[in-house]
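The values are calculated or read from the model by the stated rules, or taken from the named source; none is laboratory data. As the structure is a computational prediction, the values presented were derived from the model and not from experiment. Neighbour counts are summed over all protein chains in view; Cβ atoms, including those assigned to glycine, are modelled from backbone coordinates with ideal geometry.
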Amino acid sequence: MVSRVIPVDPFDLVIFGGTGDLARRKILPGLYRRFHDGQMPEGARIIGAARSEMDEAGYRDFVRGAIGEFVQKRNDKDIVDAFLERLTYVAVDAKGTDGWDELAHAMRPDVIKAYYFSVGPSLFGDIAERLMNHGIADDEARIVVEKPFGHDLASARALNETLARHFDETQIYRIDHYLGKETVQNLMAVRFGNMLFEPLWNAQYVDHIQITVAETVGVGGRGDYYDKSGAMRDMVQNHLMQLLCLTAMEPPSKYDPDAVRDEKLKVIRALESVESDDIVRGQYKSQAESYIDDVENPRSITESYVAMKVRIANWRWNGTPFYLRTGKRMKERVSEIVVRFKEPPHSIFEEDTGQSANELTIRLQPNEGMDLTVTIKEPGPGGMRLIDVPLDMTFAEALGEEAADVPDAYERLIMDVIRGNQTLFMRGDEVEAAWAWTDPIIDSWTVREDRPHPYEPGSTGPEEALILMHRDGRRWRELRT
Ligand code: BG6
């Protein structure tokens with residue numbers, strides 16, 4: 001099975017921060033892959049914009065290097081050369097006047113214009129204003145902004161207001177790259193494309209839901225940013241929140257940007273505030289490796305791990321808790337959603353036959369797929385003994401390796417920007433609602449001077465997170481790939 005590639009319309013895409021880390025690792029390699037697969041039409045051009053003085057040839061060399069480093073398959077010299085022909089570079093001072101006339105001159109009138117703000121949020125306002133002043137952002141122009149979108153509700157609001165001074169909400173594409181992941185979109189396909197799950201997807205049949213995003217990497221290299229954020233701001237406010245929304249939301253009436261985002265927003269607004277004993281913070285620490293060394297801040301009390309019990313106050317989920325956990329330097333890299341169903345209301349079998357509850361696991365990464373445990377009779381003559389067996393589907397096996405070679409989140413999202421489809425982007429009110437829920441949790445830590453619990457790097461997190469579950473007679477699914 002090969003996925004269909006539909007070319008987008010001609011465009012000029014300007015990447016502010018065009019020589020930065022995100023451009024090098026994700027944006028430019030992603031654009032190259034879309035070019036390679038035939039999704040970019042003849043009239044597609046990419047303009048790198050940054051402070052450094054560099055000519056076109058220098059920028060093309062930079063991009064060639066990025067492709068060499070970050071594109072494993074499809075790294076084909078002739079195609080790379082053809083892609084580089086589409087690139088140009090303009091040195092621009094985001095806060096000053098230098099380079100703006102040149103940029104305006106480089107933009108073509110009759111193509112889609114997209115401006116990727118791959119720069120710190122403090123520059124968003126300056127860039128937006130200059131785009132307007134130079135007349136190169138028409139009503140059809142799109143801007144793309146990255147997380148972190150604010151540090152709290154007040155700063156997110158200020159950013160939204162800044163952007164709204166120059167652009168309509170329909171022109172603003174706020175990236176949460178989790179929404180670009182193939183399997184995250186699959187969550188919606190599984191829920192709303194099958195009759196099987198949705199009738200059971202509620203508090204009557206679901207005991208609880210676990211959402212895990214565990215990483216093996218630490219914070220090395222990004223210590224300065226991370227130490228001011230912590231797992232709550234870096235992962236929960238955005239990526240885990242999006243997973244929670246897609247898992248918990250009501251079916252939208254159609255797969256359309258506002259229909260989907262309206263339903264997600266209702267989930268965020270229905271989240272109850274979290275009690276302090278329903279949340280556990282952790283920080284990795286051992287003789288050999290510790291968070292405080294990685295961030296070079298011996299007194300840091302920022303969390304590199306967080307686990308929490310979350311309740312959604314609505315008809316569908318009343319009584320069914322959601323448990324979220326995420327952390328750095330954990331045992332395995334696993335992102336998954338586990339839906340644990342209730343046990344059957346009455347057992348016709350004898351008590352010690354081993355009957356348990358069904359569990360649906362949606363594996364987001366790695367090893368993308370789904371797994372449903374089903375209770376069956378243990379084969380053999382030993383009477384009616386029950387065992388749980390997995391109905392395991394790995395998408396790569398079910399669909400073939402080629403279908404599993406799916407676009408990276410950034411590739412999909414950038415093409416959606418050009419197509420003008422905002423479904424997989426966060427709306428301003430959604431981001432603000434997420435901060436409104438997150439802020440009091442973080443503030444209460446500050447007030448109490450809460451200290452994270454230490455956990456061993458390469459482990460499953462602090463002991464206290466296990467207790468959080470045990471207390472409710474539940475346990476986390478083992479971290480395994
Ligand atoms: C980023 C966070 O948004 O997501 C990082 O800032 C984190 O700290 C990353 O490592 C995880 O993304 P992925 O795609 O590797 O799961």
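Below is a table of values for the structure above.
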{"item": "Residues satisfying the stated conditions in the stretch 158-193, i.e. touching a Phe, Trp or Tyr at 6+ places or on another chain (Cβ under 8 Å), among the charged types (D, E, K, R) and under 26 Å from GLY230 (Cβ atoms)", "result": "ARG174, ASP176"}
{"item": "Residue match in the stretch 239-247 (condition: within 11 Å of the ligand (Cβ to nearest atom), under 25 Å from PRO321 (Cβ atoms), assigned to a loop (DSSP other than H, G, I, E, B) and at pLDDT 95 or above)", "result": "no"}
{"item": "Leading residue by the ranking (modelled with the highest pLDDT) among those in the stretch 352-380 that are over 14 Å from ASP392 (Cβ atoms) and of a type in the set (S, T, N, Q)", "result": "THR375"}
{"item": "From GLU182, GLU215, residue being acidic (Asp, Glu), within 18 Å of MET415 (Cβ to Cβ) and within 13 Å of the ligand (Cβ to nearest atom)", "result": "GLU182"}
{"item": "Residue among ARG299, ARG311, ARG340 that alone is free of Cβ contacts under 8 Å to residues at least 12 places away in the same chain and more than 16 Å from the ligand (Cβ to nearest atom)", "result": "ARG299"}
{"item": "Test: residue in the stretch 208-218 that is within 15 Å of the chain's Cα centre (by Cα), in a helix (DSSP H, G or I) and not polar (S, T, N, Q)", "result": "no"}
{"item": "Filtered residues of the stretch 129-150 (kept if farther than 13 Å from ALA104 by Cα and either within 16 Å of the ligand (Cβ to nearest atom) or of a type in the set (D, E, K, R) (or both))", "result": "GLU129, ASP139, GLU140, ARG142, VAL144, VAL145, GLU146, LYS147, PRO148, PHE149, GLY150"}
{"item": "Verdict on SER276 being under 20 Å from TRP445 (Cβ atoms), more than 16 Å from the ligand (Cβ to nearest atom) and polar (S, T, N, Q)", "result": "yes"}
{"item": "The stretch 233-260: number of residues that are buried (at least 18 other Cβ atoms within 10 Å of the Cβ) and in contact with a helix residue (DSSP H, G or I) (Cβ under 6 Å, 6 or more places away or on another chain)", "result": "9"}
{"item": "Identity of the residue in the stretch 400-433, basic (Lys, Arg) and under 16 Å from the mean Cα position of the chain (by Cα), that ends up modelled with the lowest pLDDT", "result": "ARG412"}
{"item": "Answer from ARG325, ARG329 - the residue that is at positive phi, touching a strand residue (DSSP E or B) at 6+ places or on another chain (Cβ under 7 Å) and either of a type in the set (Phe, Trp, Tyr) or buried (at least 21 other Cβ atoms within 10 Å of the Cβ) (or both)", "result": "ARG329"}
{"item": "Members of the stretch 202-227 found to be out of contact with any Phe, Trp or Tyr (no Cβ under 8 Å at 6 or more places or on another chain) and crowded, with 20+ Cβ neighbours inside 10 Å, listed by number", "result": "VAL213, ALA214, TYR226"}
{"item": "Pick from the stretch 431-463, criterion assigned to a loop (DSSP other than H, G, I, E, B) and small (Gly, Ala, Ser), ranking: surrounded by the most Cβ atoms within 10 Å (Cβ to Cβ)", "result": "GLY461"}
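Residue-wise test of (1) small (Gly, Ala, Ser); (2) within 25 Å of PHE70 (Cα to Cα); (3) outside any loop (DSSP other than H, G, I, E, B); (4) within 16 Å of the ligand (Cβ to nearest atom).
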{"position": "TYR323", "(1), (2), (3), (4)": "no, no, yes, no"}
{"position": "SER347", "(1), (2), (3), (4)": "yes, no, no, no"}
{"position": "ALA357", "(1), (2), (3), (4)": "yes, no, no, no"}
{"position": "THR375", "(1), (2), (3), (4)": "no, no, yes, no"}
{"position": "GLY382", "(1), (2), (3), (4)": "yes, no, no, no"}
{"position": "PRO390", "(1), (2), (3), (4)": "no, no, yes, no"}
{"position": "VAL406", "(1), (2), (3), (4)": "no, yes, no, yes"}
{"position": "ILE418", "(1), (2), (3), (4)": "no, yes, yes, no"}
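Listed here are the residues, each with its yes/no results for (1) part of a helix (DSSP H, G or I); (2) more than 24 Å from ASN297 (Cβ to Cβ).
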{"site": "TYR226", "(1), (2)": "yes, no"}
{"site": "ASP234", "(1), (2)": "yes, no"}
{"site": "GLU250", "(1), (2)": "no, yes"}
{"site": "LYS254", "(1), (2)": "no, yes"}
{"site": "ASP277", "(1), (2)": "yes, yes"}
